Every structure is written in structure tokens, then in C-alpha cells.
Amino acid sequence: MRHAPEGSDIAPAEAPLRVIVADDDPLARRVVRDALESGGIIVIAEASTGREAVELSLYYKPDIVLMDLVMPDGDGIQATRRILAREPAVEVVILTSSDDDDIGIVGLRAGASGFLNKRAGVDALPRALRGAAAGEAVVSRRLTMRLVDSMRRAPADGAGLRPVRSRLTPREWEVLDLLCAGQSTDDIADTLVLSSETVRSHIKNLLRKLGVSSRQAAVEEARKLRAHLAGPGGPGDFQAAAA
């Protein structure tokens with residue numbers, strides 16, 4: 001953030017967003033870049049493959065990566081997982097021509113902050129990215145209703161629910177969800193595109209935070225918590241993991 005001179009009555013100005021555009025189509029990248037720069041957003045780099053998107057994101061540490069879904073050398077979902085595994089503060093918004101809500105949910109599960117259709121128009125992108133930077137979920141109304149419906153249909157035992165306020169980080173909840181699903185350390189590493197050592201570190205941390213000494217005890221603790229949240233008279237202070 002840029003600050004006004006000391007003693008000035010001028011309000012501090014927000015620094016422009018720094019964005020990386022990832023798309024294998026050079027024309028699409030140029031159109032998106034022009035729209036973003038016209039809206040006061042700085043495009044600091046462009047990527048034409050999933051691998052480039054990851055490498056440039058780790059190097060530049062942008063505010064947002066605007067990610068195409070289908071690219072060579074690693075698709076947008078894989079690239080999103082790899083970026084957020086190393087730089088969780090980066091926001092990723094997936095931009096695609098697909099209308100498939102299931103793909104949108106997969107993208108959100110990978111850690112993306114938004115899932116937008118290219119047909120919505122590039123003029124809407126600057127506002128959408130500012131929303132993502134402000135912590136808003138950038139999704140269509142239809143996908144929003146799909147997510148709301150999935151929460152309404154959550155199982156009675158609370159499977160898939162996560163407390164809004166929790167000692168566990170979102171990544172630790174992802175690991176715990178996969179432990180509840182019976183996955184091994186190596187399976188979790190493959191699913192989340194992490195090293196096995198990183199997964200073991202997350203498991204160690206979540207065991208400590210839950211006050212238990214084994215993976216099975218952590219699974220039981222998660223089930224008890226979810227049953228309490230989803231049951232009659234529960235506090236209702238939970239969110240549904242996108243399924």
C-alpha cells in the first residue's frame with residue numbers, strides 16, 4: 001500500500017493489484033491483459049503452460065493468478081494446487097470456457113478463490129479480481145446455489161463440514177478430511193500435490209492441535225465435532241467443504 005506524506009490529509013492509495021495471466025492462447029492473454037490494465041491492474045507476467053504458471057507465481061509472488069483451465073504441461077487445477085502448496089497467500093481465479101459446475105467445484109477444492117466463465121466478458125474481470133483480493137469468493141450465481149445446495153444436503157453425521165473458527169488451518173482440514181476418507185500419507189500427498197514429508201508435518205500439527213496422539217484418534221475427534229455441528233441444537237457455526 002502506498003502511503004500519503006506525513007501530515008497530509010490525503011487518504012492513502014491502494015497499490016494496484018499485481019496479476020499473472022496464464023493461458024495457452026496468445027490472443028486470449030492479450031485481450032485479458034488489455035482489459036486488466038485498462039482497469040488499473042498490473043499484469044506482471046504471462047504464462048502459456050501450467051508449469052510456467054507455477055514457476056512465475058513462485059518467483060513473482062503475485063496478488064492473483066488468473067488461470068486458464070486447459071493448458072499443456074499441467075492443467076489449471078494442477079497448477080493451482082502446486083502454487084498454493086508453496087504460496088498460500090496467492091489468490092487463484094480460474095477463467096474458463098467450460099460451463100461444468102463440477103469442474104468449478106474441483107477448482108475450488110484445489111484452493112481457487114473463483115471460477116469464472118470467459119463468456120461473462122473481460123470487462124468484468126478487474127472488478128472480479130479486486131473482489132478476490134478482498135477475500136470474496138468469485139463464482140457465478142448458479143455455482144453459488146450449487147454450493148448452498150451441497151451444504152443443505154450434508155450428511156446427518158456432518159461429514160464434510162468444517163468449523164468456521166478452528167485451530168486447524170484450511171490445509172490441515174484438507175489433510176484431516178482425507179485421513180477420514182482412509183487415505184494413506186502417500187495417497188494424501190498425491191491428492192494434494194504435496195511431498196510426503198509435508199503431509200507428515202501437517203498430520204503432526206493437526207494431532208497436536210486436536211490434543212490426540214494417533215491418526216485414528218484424530219478421525220474420531222473430527223467425527224465427534226461434525227456430529228455436534230450438524231446435530232439438533234448444534235451451533236451452526238460451520239462451513240461445508242465443496243464436494
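Looking at (1) crowded, with 20+ Cβ neighbours inside 10 Å; (2) touching a Lys or Arg at 6+ places or on another chain (Cβ under 9 Å), which is the only condition residue 44 fails?
(1)
This table checks each residue for (1) closer than 15 Å to residue 84 by Cα; (2) modelled with pLDDT under 90; (3) not hydroxyl-bearing (Ser, Thr, Tyr).
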residue	(1), (2), (3)
170	yes, yes, yes
193	yes, yes, yes
198	yes, no, no
207	no, no, yes
212	no, no, yes
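What tally of residues in region 60-73 results from selecting those that are open to solvent by 20 Å² or more (accessible area, probe 1.4 Å), at pLDDT 95 or above and part of a loop (DSSP other than H, G, I, E, B)?
2
For residue 130, state whether it is modelled with pLDDT of 85 or more, open to solvent by 20 Å² or more (accessible area, probe 1.4 Å) and basic (Lys, Arg).
Details: modelled with pLDDT of 85 or more: yes; open to solvent by 20 Å² or more (accessible area, probe 1.4 Å): yes; basic (Lys, Arg): yes.
Criteria met by residue 130.
Which of the residues belonging to region 32-59 are assigned to a loop (DSSP other than H, G, I, E, B) and closer than 19 Å to residue 77 by Cα?
48, 49
Restricting attention to region 168-200, report how many residues are open to solvent by less than 60 Å² (accessible area, probe 1.4 Å) and either in a helix (DSSP H, G or I) or touching a His at 6+ places or on another chain (Cβ under 6 Å) (or both).
18
Go through (1) at pLDDT below 95; (2) among the hydrophobic types (A, V, I, L, M, F, W, C); (3) more than 21 Å from the chain's Cα centre (by Cα) for residue 77 and report which single condition fails.
Of everything listed in (1) at pLDDT below 95; (2) among the hydrophobic types (A, V, I, L, M, F, W, C); (3) more than 21 Å from the chain's Cα centre (by Cα), residue 77 misses just condition (3).
The values are calculated or read from the model by the stated rules, or taken from the named source; none is laboratory data. Please read these numbers as outputs of a predicted model, since none were measured by experiment. Don't worry about glycine lacking a Cβ; one is built from the backbone with ideal geometry, like all the others, and counts go over all protein chains shown. Note: areas computed on protein heavy atoms with side chains; ligands, DNA, RNA excluded. Shrake-Rupley method; radii C 1.70, N 1.55, O 1.52, S 1.80 Å.
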